[in-house]
Amino acid sequence: MFEIDGIVLGTTPFNEHDSIVNIITKQQYFSFLAKGVLKIDSKNASLINLCNYSRFNISKGKTGYSLRNGELLDSFQNAKKDLAGLSALSFIREITFKFIQDDDAVQIFDFLKKSLELLDNNKNPFFVCLLYFAQVLKIAGYGLNVDSCQLCGSKHDICAISYENGGMICKKCYSGNNGKAYSTRKLKIFRYIFKVELSQFGEIEFNEDECKELLTDLLVFANNVSQVNIKSHKMLFMN
């Protein structure tokens, strides 16, 4: 038997009372069978609720890995109290599954956990989703260059984002139709979300309208470059 800490990203009913549990750890994705967790009196049921952070005691048998028992470390229950928070959690789970590969778990795990903590502390869901999505894109290899103009390399007079070219462009290179112009403030937001370190993650907050616009633009960009369609964003934007 061994011990493993992870965040629950998905569960699938198996047989009458069992469930296949998918978690992400600091090292990898990991799946195991949780026997009896769908029973009303199961002591392990709380461990496998979606987005719960738990310590699992796992045994390895002939047919695979199975949950023996464990400890709930954080349920982030405050983040699950309303539809806005639940929608944000659904979005976060989906983009993690669809963009993060097994080898990238070590890079994203702490940002994921921090995002759940921010939601639990009543941070605006759009703000948290924007921050986390930028990290996911960056780790997945789709991060935008926010240091200089993608076309000439200049660090001055940046005025727009060229999604086609993958980053910022300056006034000299901007033609009006080779990117989207943004205000100085929104360009600063782009710099922050793509360059922020974990120690400063979420310290600076932006208003909801700004976050909605930039998140929408990043969703379009991500779909164009990766052909990945994020379905949960519809529910998120209904709130």
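The values are calculated or read from the model by the stated rules, or taken from the named source; none is laboratory data. Here the structure is a predicted model, which means the values were calculated and not measured. As a convention, Cβ positions derive from the backbone with ideal geometry for all residues, glycine included, and neighbour counts pool all protein chains shown. All accessible areas refer to the heavy atoms of the entire protein, side chains included, with ligands and DNA or RNA removed. Shrake-Rupley method; radii C 1.70, N 1.55, O 1.52, S 1.80 Å.
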Radius 11 Å from Cβ of ASP157, net charge of other residues (Lys, Arg +1; Asp, Glu -1): +3
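Using the crude model of +1 on Lys and Arg Cβ and -1 on Asp and Glu Cβ, and no other charge, please compute the dipole size for segment 83-206 relative to its Cα centre, in debye to 20. Kindly include the intermediate steps, with their values, before the conclusion.
Numbers: 15 positive and 13 negative charges, 122 e Å.
The calculation lands at about 580 debye.
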Zone of SER183's modelled label, taken as backbone nitrogen in segment 111-142 under 20 Å from a point 7 Å along Cα→Cβ: 124-128, 130-131
On Cα atoms only, tilt of 105-120 relative to the major axis of the chain in degrees: 90 degrees
Rounded tilt (10° steps) of 83-99 against the dominant C-alpha axis of the chain: 80 degrees
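Two decimals, Cα atoms only, Kirkwood Rh: what is Rg/Rh over segment 100-170? It would help to have the intermediate numbers written out before the result.
Values: Rg = 14.9 Å, Rh = 13.7 Å.
Across segment 100-170, the Cα-based Rg/Rh ratio is 1.09.
Report the gain in length on full extension from PHE2 to ASN207: 0.36 nm times residue separation, minus Cα-Cα distance, nm rounded to one decimal. Can you show the working numbers first?
Working: separation 205, 0.36 × 205 = 73.80 nm, distance 4.41 nm.
The span from PHE2 to ASN207 would gain 69.4 nm if fully extended.
When the accessible area of segment 60-120 is split by element with a 1.4 Å probe, what percent falls to carbon and sulfur? Don't jump to the answer; show the numbers that get you there.
Details: 1350 of 3030 Å².
Solvent-exposed carbon and sulfur of segment 60-120 make up 45 percent of the total.
What does the charge count around SER66 come to, taking other residues whose C-beta lies under 12 Å from its C-beta (Lys +1, Arg +1, Asp -1, Glu -1)? Can you show the working numbers first?
Values: positive: LYS35, LYS60, LYS62, ARG68; negative: ASP18.
Taking every other residue near SER66 into account, the sum is +3.
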Convex hull of segment 108-239 built on C-alpha atoms - directionally averaged projected area, nm²: 8.1 nm²
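Restricting to Cα atoms and excluding each atom paired with itself, what does the Kirkwood estimate give for segment 173-239 in Å?
Numbers: mean 1/r = 0.0721 Å⁻¹.
For segment 173-239, the Kirkwood estimate is 13.9 Å.
Treating only the Cβ of Lys, Arg, Asp and Glu as charged (+1, +1, -1, -1), what charge dipole size does the chain show about its Cα centre? Round to the nearest 20 debye. Provide the component values of the computation, followed by the final result.
Details: 28 positive and 26 negative charges, 47 e Å.
In total the dipole reaches around 220 debye.
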Backbone N under 17 Å from the ASP74 label point (7 Å along Cα→Cβ), restricted to segment 1-39: 5-9, 24-27
Out-of-range pairs (alpha-carbon distance over 20 Å; input LYS98/LYS195; LYS39/LYS62; LYS98/LYS234; LYS81/LYS231; LYS81/LYS123; LYS180/LYS234): LYS98/LYS195; LYS39/LYS62; LYS81/LYS231; LYS180/LYS234
Loop-located trypsin sites (Lys or Arg not before Pro) in segment 65-165, at most 12 other Cβ atoms within 10 Å (DSSP): LYS81, LYS155
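Counting only heavy atoms of the protein chains, get the accessible area per residue of the chain (1.4 Å probe) and round it to a whole Å² value.
Working: 11970 Å² over 239 residues.
Accessible area per residue, the chain: 50 Å².
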Zero-based 5 Å bins, Cα pair distances in the chain, whole percents: 1, 6, 13, 16, 17, 15, 11, 8, 5, 3, 2, 1, 0, 0
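Given a cut-off of 19 Å, what percent of all Cα-Cα pairs of segment 1-71 lie beyond it? Don't skip to the answer; put the middle values down first.
Numbers: 525 of 2485 pairs.
Cα-Cα pairs of segment 1-71 separated by over 19 Å account for 21 percent.
For every other residue with a beta carbon closer than 14 angstrom to the beta carbon of VAL225, add +1 if it is Lys or Arg and -1 if Asp or Glu, then tell me the sum. Write down the numbers at each step before the final one.
Working: positive: LYS98, LYS138; negative: GLU164, ASP217.
Summing Lys and Arg as +1 and Asp and Glu as -1 gives 0.
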